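These notes concern the structure reproduced below.
Each value in this text was obtained by applying a stated rule to the coordinates, not by laboratory testing. Quantities reported herein were computed from a predicted structural model and do not represent experimental measurements. Don't worry about glycine lacking a Cβ; one is built from the backbone with ideal geometry, like all the others, and counts go over all protein chains shown.
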Amino acid sequence: MKTLILFYSTYGHVYKLAEAIAEGAREVEGNEVVIKRVPETLPQEVLDKTGATGAQKAFEHIPVANPDELVDYDNIVFGTPTRYGNLCGQMQAFMDSTGGLWAKGALVGKVGSAFVSTATQHGGQETTLRAFHTELLHHGFVIVGLPYAWQGQMGHEEVTGGTPYGASTVAGGQGERQPSANELEGARYQGRHTSEIAKKLAVK
């Protein structure tokens, strides 16, 4: 069985969740886990002005994915920062390039899941995840979220991401807040959970 963690990250928050999801996925026996990122679409001068260039050096070693390779995986977990309650442009551009796969039904029956980051607690985490789920449903993915069996999303003692639709983190208005221990644990749970379901579906 093969799992792909595919993400876009501006300042590293989504990348850190991706690493945690991969950790959880690797706990499932026989699961080959790969982390990749989608292509950047912003001009270099914009990345420099926003300070993203320095932050992205932390994951520049992660290979860039090609849409056609999605067919090679049983379980794909997509990560994106939120843009106005929706996918970021880079991830949307990647998804828009999968039309050929959609036309052939090449991804039907695969497990799909998503995770996000937002600047604020109510900055669109759930709307972005559900928007992503809609795209995955058009491809025929079996959607898996982050069930309440993970109790970390039940607490109210601290500011935290984590929704039944998928793992998430609150990055802060300037990207100053890093994923908390609770948020990372939610991501690990999601990675393990999606992989376990993909493994069950793969049994003939």
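The Kirkwood hydrodynamic radius of the chain, based on inverse pair distances between different Cα atoms, is 16.7 Å.
Taken as Cα centroids, the range 9-45 and the range 148-204 sit 14 Å apart, rounded to the nearest whole angstrom. What FRET efficiency do you get for Asp68 and Ala119 if R0 is 41 Å and r is their Cβ-Cβ distance, rounded to the nearest 0.05? That pair, Asp68 with Ala119, gives E of 0.80. Could you tell me what % of all Cα pairs in the range 149-204 have separations over 13 Å? Every Cα pair in the range 149-204 considered, those over 13 Å come to 62 percent. Summing charges over all other residues whose Cβ lies under 10 Å from the Cβ of Ala167, with Lys and Arg as +1 and Asp and Glu as -1, gives -1.
Given a cut-off of 28 Å, name the pairs among Lys36/Lys110; Lys36/Lys199; Lys2/Lys49; Lys16/Lys110; Lys16/Lys199; Lys57/Lys200 whose C-alpha atoms lie farther apart than that in the structure shown. Beyond 28 Å between Cα atoms: Lys2/Lys49; Lys57/Lys200.
Counting only chymotrypsin sites (Phe, Trp or Tyr not before Pro) that are in a DSSP loop and have at most 13 other C-beta atoms within 10 Å, tell me the longest site-free stretch of the chain. After excluding every exposed loop site, the longest remaining stretch is 1-83. Extension gain for Glu32-Arg177 works out to 49.1 nm (0.36 nm per residue, less the C-alpha to C-alpha distance). By the count of other C-beta atoms within 10 Å, a proxy for reagent exposure, Ser180, Ser113 are ordered fewest to most as Ser180, Ser113.
The length gained by stretching the chain between Leu201 and Leu47 to full extension, at 0.36 nm per residue less their Cα-Cα distance, is 51.4 nm. Dividing the helix sum by the residues of the chain, where each DSSP H run of 4 or more adds -39500 (n - 2.57), gives a mean residue ellipticity at 222 nm of -11500 deg cm²/dmol. Projecting the Cα atoms of Thr169, Gly152, Tyr73 onto the charge dipole of the chain (Cβ charges, centred on the Cα centre) puts Tyr73 farthest toward the positive pole.
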